[in-house]
1. When you look at Glu16, is it more than 16 Å from the chain's Cα centre (by Cα), over 17 Å from Ser151 (Cβ atoms) and not hydroxyl-bearing (Ser, Thr, Tyr), yes or no?
2. Quick one: which residue in Leu170, Leu192 is surrounded by 16 or more Cβ atoms within 10 Å (Cβ to Cβ) and in contact with a Lys or Arg (Cβ under 7 Å, 6 or more places away or on another chain)?
3. Determine whether the stretch 141-152 contains at least one residue that is within 30 Å of Pro45 (Cα to Cα) and surrounded by fewer than 19 Cβ atoms within 10 Å (Cβ to Cβ).
4. Go over the candidates Ile6, Ile68, Ile21 one by one and state the one that is part of a loop (DSSP other than H, G, I, E, B), under 23 Å from Arg89 (Cα atoms) and of a type in the set (Val, Ile, Thr).
5. I'd like to check something: does the stretch 36-49 contain any residue that is in a strand (DSSP E or B), touching a helix residue (DSSP H, G or I) at 6+ places or on another chain (Cβ under 9 Å) and within 17 Å of Leu188 (Cβ to Cβ)?
6. Output the number of residues of the stretch 72-117 satisfying the condition of being surrounded by fewer than 21 Cβ atoms within 10 Å (Cβ to Cβ), in contact (Cβ under 8 Å) with a residue 60 or more places away in the chain and either among the basic types (Lys, Arg) or not in a loop (DSSP other than H, G, I, E, B) (or both).
7. Conditions: (1) touching a residue at least 60 places away in the same chain (Cβ under 8 Å); (2) touching a Ser or Thr at 6+ places or on another chain (Cβ under 8 Å); (3) not charged (D, E, K, R). Gly168 meets all but one. Number of the miss?
Amino acid sequence: MKIIAIGRNYAAHAEELNNPIPTSPVIFMKPDTAVLKDNRPFYLPDFSNDIHYELEVVLKVSKEGKHIQEKFASNYYEEIGLGIDFTARDIQSRHKEKGLPWELAKSFDNSAPVSLFVPKTKFEDLYQLNFELQINQQSRQKGNTKNLLFSFEKIIAFVSQYITLKKGDLIFTGTPEGVGQIKAGDHLEAWLEGEKMLDFQIK
């Protein structure tokens, strides 16, 4: 199982970090050791002083595929959930300045908390999904999939030209604006269309 993540897939988030709006999907990856399940607590690592949250809708790949055409891409995922892409922003900034890869900032252990997954058929329109992150009962991020720069199908088709997708792979589809730092003692809760999907502590 691998995690494929899409950066800068909401224009307002790209703008808040002073990044250009991409003309094709920006891809990075996380290993399976990044996954944090079952609302277990996230422990702040000692190598960063600036861990940021990024709430995202996550697709679970349902079958193997390569060179998938966009018109068939919807057949390659049946369930969706929420995830948080924890990012060591201080490390990322240093690496970006030097033109280095992001892996140390993105791929560390437990940097990808994920919820349970629910059938996509539960939702009337996958491109009108509201999702929200609250920290200590205060709203920090609100997004809607209508604002995606690249659709779920576009992402699957694009990625599969380079990387074979396998059953169980997770695709983090990008975060809306409102990202920020987490601190020890924070309580994170996230909702998808009004259903609580994540509920865990920062330690």
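Here, each number is a calculation from the coordinates, and none is a lab measurement. Keep in mind that what you see is a predicted model, and the values were worked out from it rather than measured. When we count neighbours, we look across all protein chains shown, and the Cβ atoms used for this are built from the backbone with ideal geometry, even at glycine.
1. Values: more than 16 Å from the chain's Cα centre (by Cα): yes; over 17 Å from Ser151 (Cβ atoms): yes; not hydroxyl-bearing (Ser, Thr, Tyr): yes.
Against the criterion (more than 16 Å from the chain's Cα centre (by Cα), over 17 Å from Ser151 (Cβ atoms) and not hydroxyl-bearing (Ser, Thr, Tyr)), Glu16 qualifies.
2. On the way: Leu192 fails: in contact with a Lys or Arg (Cβ under 7 Å, 6 or more places away or on another chain).
Result of the check over Leu170, Leu192: Leu170.
3. We begin by selecting, within the stretch 141-152, every residue within 30 Å of Pro45 (Cα to Cα); these are 141-143.
When the remaining residues are screened for being surrounded by fewer than 19 Cβ atoms within 10 Å (Cβ to Cβ), the result is 142.
Checking the stretch 141-152: at least one residue is within 30 Å of Pro45 (Cα to Cα) and surrounded by fewer than 19 Cβ atoms within 10 Å (Cβ to Cβ).
4. Values: Ile6 fails: part of a loop (DSSP other than H, G, I, E, B); Ile68 fails: under 23 Å from Arg89 (Cα atoms).
None of the others qualify; the one that does is Ile21.
5. In the first step, residues of the stretch 36-49 are kept if they are in a strand (DSSP E or B); the result is 36, 42.
With touching a helix residue (DSSP H, G or I) at 6+ places or on another chain (Cβ under 9 Å) added as a condition, the list becomes none.
Checking the stretch 36-49: not a single residue is in a strand (DSSP E or B), touching a helix residue (DSSP H, G or I) at 6+ places or on another chain (Cβ under 9 Å) and within 17 Å of Leu188 (Cβ to Cβ).
6. Within the stretch 72-117, residues that are surrounded by fewer than 21 Cβ atoms within 10 Å (Cβ to Cβ), in contact (Cβ under 8 Å) with a residue 60 or more places away in the chain and either among the basic types (Lys, Arg) or not in a loop (DSSP other than H, G, I, E, B) (or both) number 4.
7. (2)
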